[in-house]
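Reviewing the structure listed below.
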Amino acid sequence: MYAPSLKSWLLMATLFLSTTALAGAPIPWFDEDFVTFAGAGFSATPAAGQLDSNQWRVQGLSDGPGSFGGEFTSGDFARGATTGGASSGGIYALSTGTAIALGAQPTGADFTPGSFDLRIVNNTGDTIEAVDISYLIWTYNDQPRANSLNFEYSLDDSNWTPVPGLDYTSPEASDGSPAWVSTPRSTTLTGLGLAVGSPLYLRWTSDDVSGGGSRDELGIGAVQVDIIPPPTLLASKTGSAFARVGDTITYNLEISNVDATETVTDVVLSDLLPGNVSYVSDTSGLPLTQPIPGIYEWDLGDLAAGQSFSFDLVVSVNGGAAGDLVNNFNASGLLGAQIVTAQAEWATTVVPEVSIYDIQTVVDPGADDASPLLGQTVFVDGIVTAAPGEIENGGVAVIQEAAGGPYSGLVIDADFAGLGLARGDEILVVGEVTELSSQTRLAASRVELLASPGELAPILLPTSDFPAALAATSEPWESVFIEFQSVEVTAELSFGEWEFDDGTGPAVGDDLGSITLSPALGDQYGFLRGIGWYSFGAFKVEPRNNDDLDFIAPLFEIYEIQGEGLRSPLAPATGNGTGAVVRSEDNIVTAVTADAFTIQMPDERDSSAMPLASRGLYVYTGSAPTVQVGDRVNVQGAVVEFFDLTQIGFPDAVEILDSGNPLPTATLFDAGTPSSDPTTPSCGVNNFECFESMRVTVPNGFVTAPSQNFVSDPVAEAVVSAGGDRVLRGPGVEFPGLGGACPGCPVWSGAPERFELDPDRVGLPNVTLAGGTSFSAIGVIGYDFGDYELWPTELTIDSTPPLPVPAPASGPTELSIASLNALDLFDDVDDPDRPIPTCDAGYIASNRVVLSPAEYQLKLAKLADTITQGLNFPDVIALQEVESLTTLQDLADAISAARGFTYTPYLVPGNDRGEINNGFLVAESRVAVDAIIQEGGDECLSSDNTPLHDRPTLTLEARFIANGENWPFVVMNNHFRSLGGIDSDARVRLKRHEQAQSVAARVQARQSADPLLPIILVGDKNAFQFSDGYVDLVGLLSGTSVESENLVNLENAGVPGFDPSNQVIPSLVNPLLTLPASERYSFIFQGVAQTLDHALLNRAAELYFSNFGYMRGNADYWEGFAEDELSVARSSDHDGFVLVLEPGRDIDALFEDRFESP
């Protein structure tokens, strides 16, 4: 007979008597019985009868809120003592006859609401995890009103946690013979984690609840807080939440000694198995005994401080098991002479294993379609027919019995994360049978992958077997994978639904699955399959993705897909959405990119029905296409107008019929095509839409603007023309002009013939293209970011311009004057803001650019190269967009260091809020400076009294002194307001007009005072050599403006002080006109070459004119060269110019006028 040891008796006592792990005895922490409190208030240094305000705080009194550590020893805070029946609101010592309590007499102004707050600081030296709290509530019920006294606690005096179980409300009805009544309250707070030195806050809150009139006195007494020390042993047990009869359950058992220093000796572990459960094995490695049937015991021995021991226990679930199987794990040992114990339990629910048929089959689906197992937790397994995320969301999947048939499918709601389930996987599921809007589902708590036997075939049905509103017919197919064949869409319904029919009767489809197709009326499908579904009171089929719809697309030729408009007639009217699904057959692949290809109709196929429709089409695959150039293909998919490029987006099918076919003939692009006349565009709607995605050949191409530079594409498209010439800005407002607003204003074509060239779009090597490059190419016309582009399949560079092309050089006896916009010549110092006093407009100048030291040195070096190599050491250099005199001196030093040539800088700050200013570099070995004058800097714009000149004219009065000359001349350095907003803002037009008239007046004053004085205007005029149709700025400066050709004159006609007339007489001349037309540019904007930088000469200067020209190395070159220290290119975005005068010329000799008539 088994004789249990002392350890076993202790353990068995624990098994039968203990329900929680035992801790040590509570440790007193705070105890307040208020016996010394006399209602004399609260103080940080309490006197007799007072409470310590470092611990106690009262809030909600009419004298104001109390605070911890404050002094509150009078008024509402110190009403004295009462034995009951007090009337004045405030804080009292409640003398109950048997005890003293901290109390309040609430009134309408006091303690309604209010609170007693207690702060206790953890000075124990250890973290406190749990405390026991007990107190008495005292009430004197002499008034007909109920008041609350509830409890809450906080760890930060901000976020409070109520304990509803301690809520208290005094009686509303008053007692006939009132007396003090106490009500005990206690609770345990756990999980505190209260660190050493941190406070615990306790609060008793009070407020009116019901009744009327005066209020009872109430308070708290005998407040005691004890620390609950943590247990020495901690036990844990985990296992399966659910099991079936015949399953094995694996429990993990763990015991830990959480004492920091002491070993627990003689540790014994035991497990009490529930009925109908049998021991199978364990992994403890310890001897196993069975002192009592159903109890298994392991002798662990000693468990060191901080040590844990864990093992697995495997049991089997026997026949007859049902409900919750509660398994108890217990441990006992000795801590010194003290018995310590721990206990844990785990409940496993035994649930039945059923089939999907058991869950779904109902006797009469027309009368009641709810599952007969509704609300039950069951085990079921099945094959996945819709993987998580294919229908509804990632927490929904569908399974089906392998045998199929009616009632064989089931929707599973679960967390499938980490399982990676796919169609054809077999899974075991345990969960509760639910009905979601009358659709039977299983809310799973456990999902286990068993195997992957493969996908199930759909069950073929006629559409008449799945009507939307007939449960008796359709309910058996709810959640079943079904298929219908040879169907047609007979109606487009709302909310993504459509009706379809195979001729036997209608059924309904829906877009809840992962489909991108939008079935439309008349669409035909070879098959339509999916999961039978029930939602919103109707049965419908949910295709899982596009593969579940075998769409029989209508056949279209490419030209029919393209149409003759800007958008395909088969795409949505706006946006990037998908349109009709179409099929186009027997077309030739003409180009292949990394994620797309183009196709074109063979030459022999007719498209004369739409002569202005493109015969080519872009097909976007999203990944590497499987086709090659020359393949003959059929393509099926949805038409998309993706950012205005007509295409088949993500085709449903691409069939390669054969390969190696000749390519369609490329359309010739030349001087006549694309059209340069905006009134007769090549494609009707524009110049390029009818060539979109078609092959074209450009035998005489010309790069009119260099490769662009973007973050996502550093060497991007260049702007080109097909006629062999540079595209130049013409006079007037861009087509269609201003119409009746300015009938006399000239109209510029807008250069509709220009397009872009993207060398590497279809796989050719990328190349940086400079303006002036000649090329020949064959490729397809694409459309990207608002521009038509040539994507070449063949590209030959025929010629490239030299770099740099220097401006004209001067001889020893000639005076050379240059101008260069330096494009933000700023240093690496962010200077303080500078107030601009002009016109009292409140302007502040701030550095709009601050370069890094390396960027600054590179900028200086490139500008020095431009000046020495491109401008040939001119005698005078007028610069624009320079930060300061210091910066200009740095440039002079860089030139001197590189070439030993000395310049003296001159600069006067202006009114520009970005700190870009005008300056000069002067070679004083050849030019004597008499004066540097800033002119017009104090003038104001007439319309709003802001500074008229942001960059006032900086004038150099000087003499050419080389070779003994003493020849006086004047150079006026201008940088006028930019063209930005010229077409939309009348203020911009007026400002440019008034700026020009201001400078013109000074020119006229000078030449009137001394007709023989040479006057030269240079700089970035931000204007063309002709009228732009808004303001003829250069014409006003020159004295050649035509009033009727400029909108600014018409819109300001009659405005007092406005003057449209020419002031400069005789007019100035522009040496630009001595250059060939192809060389008349200094800047490129939107692919169009134009002249913004001008020299204008009065007639006295004209007599000495020798030469004029631009250096080439900036405007024609890729922006990326600005960061290339090995290239002279792109020191700026403007090409500078040099004007050469011959001061020693005999002007009495016969002089041939080099200029066209002004």
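Among the residues of segment 832-872, count how many are touching a helix residue (DSSP H, G or I) at 6+ places or on another chain (Cβ under 7 Å) and in a loop (DSSP other than H, G, I, E, B).
So the answer is 1.
Condition (residue is within 29 Å of L517 (Cβ to Cβ) and among the acidic types (D, E)) applied to segment 412-425: is it met by at least one residue?
yes
If you scan segment 349-401, which residues turn out to be under 42 Å from the mean Cα position of the chain (by Cα) and of a type in the set (A, V, I, L, M, F, W, C)?
I383, V384, A386, A387, I391, V396, A397, V398, I399
Here are the criteria: (1) within 41 Å of the chain's Cα centre (by Cα); (2) under 15 Å from L790 (Cβ atoms); (3) crowded, with 24+ Cβ neighbours inside 10 Å; (4) touching a residue at least 60 places away in the same chain (Cβ under 8 Å). Tell me which single one V696 does not satisfy.
Condition (3) is where V696 drops out.
Which count do you get for residues in segment 376-416 that are aliphatic (A, V, I, L, M) and part of a loop (DSSP other than H, G, I, E, B)?
Of the residues in segment 376-416, the ones aliphatic (A, V, I, L, M) are 378, 380, 383-384, 386-387, 391, 396-399, 402-403, 410-412, 414.
Those still in the list that are part of a loop (DSSP other than H, G, I, E, B) too: 387, 402-403, 414.
Residues flagged as aliphatic (A, V, I, L, M) and part of a loop (DSSP other than H, G, I, E, B) within segment 376-416 amount to 4.
Residues of segment 1055-1092 being under 50 Å from the mean Cα position of the chain (by Cα) and within 22 Å of E1142 (Cβ to Cβ), which ones?
Within segment 1055-1092, L1072, E1079 meet the criteria.
Which of the following residues is among the aromatic types (F, W, Y), buried (at least 17 other Cβ atoms within 10 Å of the Cβ), under 30 Å from G914 (Cβ atoms) and in contact (Cβ under 8 Å) with a residue 40 or more places away in the chain: F826, F785, F775?
After ruling out the rest, the residue left standing is F826.
For segment 690-719, which positions are under 26 Å from Q647 (Cα atoms) and in contact with a strand residue (DSSP E or B) (Cβ under 8 Å, 6 or more places away or on another chain)?
Of everything in segment 690-719, those that are under 26 Å from Q647 (Cα atoms) and in contact with a strand residue (DSSP E or B) (Cβ under 8 Å, 6 or more places away or on another chain) turn out to be F691, E692, S693, M694, R695, V696, T697, V698, Q708, E717, A718, V719.
Do we have any residue at all in segment 180-195 that's charged (D, E, K, R), in contact with a helix residue (DSSP H, G or I) (Cβ under 8 Å, 6 or more places away or on another chain) and modelled with pLDDT of 95 or more? Give the derivation first.
Restricting attention to segment 180-195, the residues satisfying the condition of being charged (D, E, K, R) are 185.
Checking which are in contact with a helix residue (DSSP H, G or I) (Cβ under 8 Å, 6 or more places away or on another chain) leaves us with 185.
From the residues that got through so far, the ones that are modelled with pLDDT of 95 or more too are 185.
Scanning segment 180-195 turns up at least one residue that is charged (D, E, K, R), in contact with a helix residue (DSSP H, G or I) (Cβ under 8 Å, 6 or more places away or on another chain) and modelled with pLDDT of 95 or more.
Report every pair of residues separated by at least 6 positions or lying on different chains whose Cβ atoms are under 6 Å apart, first residue within segment 258-273 and more than 24 Å from Q290 (Cβ to Cβ), second of a type outside the set (S, T, Y) and part of a strand (DSSP E or B).
V258/L234; E262/L335; T263/D302
Quick test for you: out of T112, T124, pick the one residue that is over 23 Å from T36 (Cβ atoms), at pLDDT 95 or above and part of a loop (DSSP other than H, G, I, E, B).
None of the other options fit; the residue is T112.
With the requirement that a residue be farther than 16 Å from P699 by Cβ and either over 32 Å from the mean Cα position of the chain (by Cα) or assigned by TED's automatic domain parsing to the domain that holds Y1030 (or both), what does segment 745-767 give you?
To start, the set of residues in segment 745-767 that are farther than 16 Å from P699 by Cβ comprises 745-752, 754, 756, 758-767.
Matches in segment 745-767: C745, P746, V747, W748, S749, G750, A751, P752, R754, L764, P765, V767.
Tally the residues that are surrounded by fewer than 23 Cβ atoms within 10 Å (Cβ to Cβ) and under 21 Å from A573 (Cα atoms), restricting the search to segment 619-642.
4
Only residues that are free of Cβ contacts under 8 Å to residues at least 40 places away in the same chain and either assigned to a strand (DSSP E or B) or not assigned by TED's automatic domain parsing to the domain that holds W346 (or both): list them for segment 274-286, please.
Selection gives Y279, V280, S281, D282.
Any residue at all in segment 573-587 that is under 23 Å from F691 (Cα atoms), modelled with pLDDT of 95 or more, assigned to a helix (DSSP H, G or I) and not assigned by TED's automatic domain parsing to the domain that holds F691?
no
Given the structure, is P388 at pLDDT below 95, closer than 17 Å to W533 by Cβ and not polar (S, T, N, Q)?
Spelling it out, it is not the case that P388 is at pLDDT below 95, closer than 17 Å to W533 by Cβ and not polar (S, T, N, Q).
Take the conditions modelled with pLDDT under 95, at negative phi, buried (at least 17 other Cβ atoms within 10 Å of the Cβ) and outside any strand (DSSP E or B) and apply them to A21. Does it pass? Lay out the reasoning, then the answer.
Details: modelled with pLDDT under 95: yes; at negative phi: yes; buried (at least 17 other Cβ atoms within 10 Å of the Cβ): yes; outside any strand (DSSP E or B): yes.
Yes; evaluated as a whole, the condition is true for this residue.
Taking segment 790-823 as the search range and keeping residues that are within 39 Å of the chain's Cα centre (by Cα), buried (at least 23 other Cβ atoms within 10 Å of the Cβ) and touching a residue at least 60 places away in the same chain (Cβ under 8 Å), which one is nearest to F755 (Cα to Cα)?
The qualifying residue nearest to F755 (Cα to Cα) is L790.
Take segment 481-513 and flag every residue that is among the small types (G, A, S) and under 26 Å from A403 (Cα atoms).
S486, A507, G509, G513
Given the options F536, F495, name the one that is under 35 Å from the mean Cα position of the chain (by Cα), surrounded by fewer than 16 Cβ atoms within 10 Å (Cβ to Cβ) and over 16 Å from E390 (Cα atoms).
F495
Just give me the residues in segment 963-989 being in a loop (DSSP other than H, G, I, E, B) and either buried (at least 22 other Cβ atoms within 10 Å of the Cβ) or in contact (Cβ under 8 Å) with a residue 40 or more places away in the chain (or both), in sequence order.
Of everything in segment 963-989, those that are in a loop (DSSP other than H, G, I, E, B) and either buried (at least 22 other Cβ atoms within 10 Å of the Cβ) or in contact (Cβ under 8 Å) with a residue 40 or more places away in the chain (or both) turn out to be E965, F976, R977, S978, L979, I982, D983.
Looking at segment 398-431, which of its residues are farther than 21 Å from L460 by Cα and among the aliphatic types (A, V, I, L, M)?
I412, A414, A417, L419, L421, A422, I427, L428, V429, V430 - these are the residues of segment 398-431 that are farther than 21 Å from L460 by Cα and among the aliphatic types (A, V, I, L, M).
Identify, by number, the condition in (1) over 30 Å from P229 (Cβ atoms); (2) touching a residue at least 40 places away in the same chain (Cβ under 8 Å) that I339 doesn't meet.
Failing condition for I339: (1).
If I filter segment 539-573 down to residues being of a type in the set (A, V, I, L, M) and more than 25 Å from D644 (Cα to Cα), which single residue comes out as farthest from the chain's Cα centre (by Cα)?
I552
In this structure, does G197 turn out to be within 25 Å of I27 (Cα to Cα) and either of a type outside the set (K, R) or touching a Gly at 6+ places or on another chain (Cβ under 8 Å) (or both)?
yes
Suppose we filter Y140, Y168, Y201 for residues that are of a type in the set (F, W, Y) and free of Cβ contacts under 8 Å to residues at least 40 places away in the same chain; which single one remains?
Y168
The values are calculated or read from the model by the stated rules, or taken from the named source; none is laboratory data. Computed from a predicted model, the values in this text were never measured in an experiment. All Cβ positions, glycine included, derive from the backbone under ideal geometry; neighbour counts span all protein chains shown.
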